[in-house]
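The values are calculated or read from the model by the stated rules, or taken from the named source; none is laboratory data. Keep in mind the model is a prediction, meaning the values are calculated, not measured. No Cβ is skipped: glycine too gets one built from the backbone with ideal geometry, and neighbour counts run over all protein chains shown. Only protein heavy atoms, including side chains, enter the accessible area calculation; ligands, DNA and RNA are left aside. Shrake-Rupley method; radii C 1.70, N 1.55, O 1.52, S 1.80 Å.
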Number of protein chains: 2
Amino acid sequence: MNSVEVCFSPLLFEEFAKPNSIVVVVDIFRATSAIVTAFQYGAKSFIPVSTIEEARELATQGFLAGGERDGEVVAGFEFGNSPFSYMNEKIKGREIALTTTNGTRAINIAEKAEATVLIGSFLNLQALADYILTQGKDVVIFCAGWKNRFNMEDSLFAGALTNLLLTSGKFYSDCDSANASSLVYRTGRKNLMSFLKSCSHRKRLAHLNLEKDVAYCLQRDVTDVIPVLKDGRLVRLLP
Amino acid sequence: MNSVEVCFSPLLFEEFAKPNSIVVVVDIFRATSAIVTAFQYGAKSFIPVSTIEEARELATQGFLAGGERDGEVVAGFEFGNSPFSYMNEKIKGREIALTTTNGTRAINIAEKAEATVLIGSFLNLQALADYILTQGKDVVIFCAGWKNRFNMEDSLFAGALTNLLLTSGKFYSDCDSANASSLVYRTGRKNLMSFLKSCSHRKRLAHLNLEKDVAYCLQRDVTDVIPVLKDGRLVRLLP
């Protein structure tokens, strides 16, 4: 039996990091949903960077540059973190330098754990669960959250993945965060969008002003793509 | 309208700290439940200290010494963090130096926020809510958690208090942690004990091996006592 645990904030990750585990980084609105979409549409790799300056520097070396701060595309950048911006011929075979408010920072923190770092979203949920079930490793679901705080949508995803792993019989949970996430998901799963509207930070969701993006990011099993971090770059693990 | 927010871990508190707010520190199993009980039974004050050495030093100055690590009374200490140990004539009018794994550390962290720091538990829940509703201040419910992690019982309390504040119409929540806590509480409130047994960290609860303490700490509105932090000491604010 392997364990599944859920980390609610980048500030807590150190308590969860363990070598030889699988860490699933998730930032549903919208970094990890966008990354999964980009690979689905043919991107070759991502370099997740923490600062806008690093992304600009890589752009001068031939990378496409993606940047988002507080839900907005960074001025002068072609891509932000909307999945729709990556449904684009331009990204085929390209390497992309990406910096976002929460997601890329979480990926860079996860990298220090000497673990296998995968990228999760509702879009590749089942593929991710199927892959994890073949690996025989402990799993930490690392919610990027919102500016170091717990957020509802990442916890919903964490609960959905936790449930898939627990129902396989190959995983157990001694983690209250995983159990609370599972409860949140079971409460909201019939209609994720209306659940989030009823109980998530109203101003933040409204500020995103992205009904279309939010609806897209809540779709399940749109692709089998699983991005994995290798030597500081996200590449396509499967298929 | 005032805001209610919930902080799930001492490592996150810095994101929530704001001057002129009320911070309610909670460590249901069992530090804050024990502190409330001690005041109910006549204790004069508590000094929350972070180390066993500090508590030993204060014991030489005439304080009673309370200490708990990993659920056990510290060797040589008369009191731990069982509420029952404070239902005792010995504590009447006495000052107590207390150090626990999670609770006293959270109190010491909260102290830095220049806020009014109150001690919460199910035992004084309604009295606490009634007092807060007269104050017109923003509220942060600070869950001590378990070794920096989210735990279910503190979140249950946070949800119960959040609900009381929101239903007054004087408070709003734009905090996903508060909303998730509220959901957890609404799911578990009919039988907190069986809810916790079904979804909390099994080994930790079993390790506590304290069915009697756990049942006591889940009782609601046993007392109107509200402890408050003044100049590094917890004293009785009300009644």
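Is it fair to say B:F39 is under 27 Å from B:L125 (Cα atoms), at pLDDT 95 or above and either touching a Gly at 6+ places or on another chain (Cβ under 6 Å) or not aliphatic (A, V, I, L, M) (or both)?
Working: under 27 Å from B:L125 (Cα atoms): yes; at pLDDT 95 or above: yes; either touching a Gly at 6+ places or on another chain (Cβ under 6 Å) or not aliphatic (A, V, I, L, M) (or both): yes.
Judged against the criteria, B:F39 is a match.
Based on what the data block shows, is A:R233 within 20 Å of A:T104 (Cα to Cα), of a type in the set (D, E, K, R) and at pLDDT 95 or above?
Spelling it out, A:R233 is indeed within 20 Å of A:T104 (Cα to Cα), of a type in the set (D, E, K, R) and at pLDDT 95 or above.
For segment A:128-172, give me each residue that is outside any helix (DSSP H, G or I), hydrophobic (A, V, I, L, M, F, W, C) and away from chain B (no Cβ under 14 Å). Give the steps one after another, and end with the answer.
Taking segment A:128-172 as the starting set, the residues that turn out to be outside any helix (DSSP H, G or I) are A:133-151, A:168-172.
With hydrophobic (A, V, I, L, M, F, W, C) added as a condition, the list becomes A:133, A:139-144, A:146, A:150, A:171.
A:L133, A:V139, A:F171, listed by residue number.
Could you list all residues from segment B:195-221 that are modelled with pLDDT of 80 or more, away from chain A (no Cβ under 14 Å) and surrounded by fewer than 19 Cβ atoms within 10 Å (Cβ to Cβ)?
Start the filter on segment B:195-221 by keeping residues that are modelled with pLDDT of 80 or more, which leaves B:195-199, B:211-221.
Now narrow it down to the ones that are away from chain A (no Cβ under 14 Å): B:211-221.
Of everything in segment B:195-221, those that are modelled with pLDDT of 80 or more, away from chain A (no Cβ under 14 Å) and surrounded by fewer than 19 Cβ atoms within 10 Å (Cβ to Cβ) turn out to be B:E211, B:K212, B:A215, B:Q219, B:R220, B:D221.
I'd like to check something: does segment A:182-193 contain any residue that is in a helix (DSSP H, G or I) and within 19 Å of A:T37 (Cα to Cα)?
Narrowing segment A:182-193 to residues in a helix (DSSP H, G or I): A:182-193.
Next, from what is left, pick out any that are within 19 Å of A:T37 (Cα to Cα): none.
No - not one qualifying residue is present in segment A:182-193.
Mind checking which pairs have a first residue in segment A:216-234 that is on the phi > 0 side of the Ramachandran plot and a second that is polar (S, T, N, Q) and open to solvent by less than 50 Å² (accessible area, probe 1.4 Å), Cβ under 8 Å, 6 or more apart or different chains?
A:D221/A:N124
Looking only at segment B:14-38, which residues are crowded, with 24+ Cβ neighbours inside 10 Å and assigned to a helix (DSSP H, G or I)?
Here is the first cut: in segment B:14-38, the residues crowded, with 24+ Cβ neighbours inside 10 Å are B:23-38.
Listed by number, the residues that qualify are B:A31, B:T32, B:S33, B:A34, B:I35, B:V36, B:T37, B:A38.
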